[in-house]
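Student: Below: one structure in structure tokens.
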Amino acid sequence: MHIQEWLESVPAVSVYLLVGVVIGLESLGIPLPGEIVLVSSALLASQQGHIDPLVLGTCATVGAVVGDSIGYAIGRKGGKPLLDWLGRKFPKHFGPSHVATAERSFQRWGMWAVFFGRFIALLRIFAGPLAGVLKMPYWKFLTANVLGGVVWAGGTTAVIYYVGIVAEAWLKRFSWLGLVVAVLIGLGSMVIVKRRAAKAAAAQDVSEDPEPAPVAD
């Protein structure tokens with residue numbers, strides 16, 4: 001079967017479910033490639049008329065909000081022991097340094113850490129559970145959670161979808177090669193933005209550190 005025919009045979013509902021479930025589980029606190037799945041699905045929607053980008057963005061948003069809310073409830077009930085357990089099970093994602101970085105972000109930005117954390121892989125996994133552990137008022141968490149989910153999921157879907165529409169002729173000409181290159185370009189731009197944000201945050205940490213006390217003679 002030709003690639004184009006195979007893509008057209010993929011049921012739209014399976015794409016919607018995949019996006020919603022993966023993003024929901026990632027938001028809950030399970031390390032999964034939610035961003036990659038969303039970008040790939042939005043590109044697929046731009047090339048396949050049977051996949052509605054509005055429904056896709058809605059499923060991604062619902063998955064993000066529901067997953068974060070469940071993570072919040074689990075974190076509020078589990079407390080610090082939950083983070084310690086996750087650190088032992090997933091040291092690459094929930095190690096002490098990662099937890100400390102996330103906690104500093106919450107202490108500095110409060111509910112905005114939940115909103116902006118949606119755009120940063122580390123905080124996207126931590127936001128819900130950590131907000132619960134730190135006993136953030138639920139109304140603040142929910143407000144930032146919904147706004148962040150709508151802007152991140154809806155915005156990413158819209159941008160990638162329209163980029164795919166503009167590049168449709170090129171993508172069709174090169175089939176999978178074009179799709180792979182487009183995904184890499186999109187992910188590369190996100191990585192650059194995230195690295196700049198990380199550098200800015202690190203610079204702010206340095207500027208806020210107190211000067212060392214002078215050594216007595």
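What follows is calculated from the coordinates using simple rules that are stated; it is not laboratory data. Since the structure is predicted, the reported quantities are computational estimates derived from the model, not experimental observations. Here Cβ is always computed from backbone atoms with ideal geometry, including for glycine, and neighbour counts include all displayed protein chains.
Student: Given 0.36 nm per residue, what is the gain on full extension from Ile36 to Trp112 after removing their alpha carbon distance, in nm?
Tutor: Fully extending the segment from Ile36 to Trp112 adds 25.0 nm.
Student: Using R₀ = 22 Å, calculate the FRET efficiency as 1/(1 + (r/R₀)^6) where r is the Cβ-Cβ separation of Val151 and Glu103; round to 0.05. Display every interim value, and only then the final one.
Tutor: Numbers: r = 24 Å, r/R0 = 1.08.
Once rounded, the FRET efficiency stands at 0.40.
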